[in-house]
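Here the structure comes first, spelled out in structure tokens, and everything after it is commentary.
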Amino acid sequence: MKVFLIGFMGCGKSTMGKRLASKIGSSFVDLDHEVEQQAGSTISAFFSAHGEEAFRQLESKVLKEFPYPEHSIIATGGGAPCYADNMQWMNANGTTVYIDMSPLALARRLEKGREKRPLLKNLNDAELVAFIEGKLAERRSFYQQAQLMVDGLGLTADALNALLQGKSSYL
Ligand code: S3P
């Protein structure tokens, strides 16, 4: 079983993924981390040196070629579902869960930690919300292709697990 957690930067994919994996005894895979391993540098440094298109190609390759353990919870990068056929690939190769969150909530969570995210690092507080609103509008149609969708605010590993067990269709 592979579960791909998708959604905007800051929605809690890694935090929830780690908690859920430890709760149900699955492995946790952080795709940003695996891309950094492949690149031999941080995502920020890779973006600066090679640009976004090269990053997206590498991210897509890692997504599709990573040797996932049999039971894995996978936190994907926020832009991964929106490039090439990545979303279709995830839907064909696992269960996809969109962690939904409003631009304001995302902005609050992203105010700190902008440095390591190349798309955000040059934005001030006011620009941050506007950027998130615009990017989310561009990306929503990809995120909404997920098989399951959940509200990220107040989300717990138990609730996410229940959703995956089919005990609830929307939380
Ligand atoms: C990106 C999200 C980041 C990382 C890169 C680009 C994006 O991952 O892959 O900085 O385009 O939304 P997180 O969603 O884990 O922050």
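The values are calculated or read from the model by the stated rules, or taken from the named source; none is laboratory data. From a predicted model like this one, the values you see are computed outputs, not experimental measurements. Reconstructed Cβ throughout: ideal geometry from the backbone, glycine too, with neighbour counts over all protein chains shown. What goes into the accessible areas is simple: the full protein's heavy atoms, side chains included, and nothing from ligands, DNA or RNA. Shrake-Rupley method; radii C 1.70, N 1.55, O 1.52, S 1.80 Å.
Descriptive notes on the structure:
- Condition met for Glu65 (away from the ligand (no atom under 13 Å from the Cβ), more than 18 Å from Gly17 (Cβ to Cβ) and free of Cβ contacts under 8 Å to residues at least 12 places away in the same chain): yes
- Scanning region 61-82 for residues that are more than 13 Å from Asp32 (Cβ to Cβ) and within 13 Å of the chain's Cα centre (by Cα) returns Ile73, Pro81, Cys82.
- Matching entry among Ala146, Ala84, Ala54, Ala159 (being small (Gly, Ala, Ser) and open to solvent by 60 Å² or more (accessible area, probe 1.4 Å)): Ala84
- Strands (runs of 3 or more DSSP E) contained entirely in region 10-108, each with at least 3 residues that are closer than 19 Å to Gln144 by Cβ and in contact with a strand residue (DSSP E or B) (Cβ under 8 Å, 6 or more places away or on another chain): 95-100
- From the list Leu128, Leu120, the one residue that fits, being more than 20 Å from Ala21 (Cβ to Cβ) and more than 11 Å from the ligand (Cβ to nearest atom), is Leu128.
- For region 30-47, residues that are away from the ligand (no atom under 12 Å from the Cβ) and touching a residue at least 24 places away in the same chain (Cβ under 8 Å) total 1.
- Residue list for region 140-160, filter: of a type in the set (A, V, I, L, M), under 15 Å from Ala105 (Cβ atoms) and part of a strand (DSSP E or B): Val150
- Met16 being surrounded by fewer than 14 Cβ atoms within 10 Å (Cβ to Cβ), touching a residue at least 60 places away in the same chain (Cβ under 8 Å), more than 11 Å from the ligand (Cβ to nearest atom) and of a type outside the set (Lys, Arg): no
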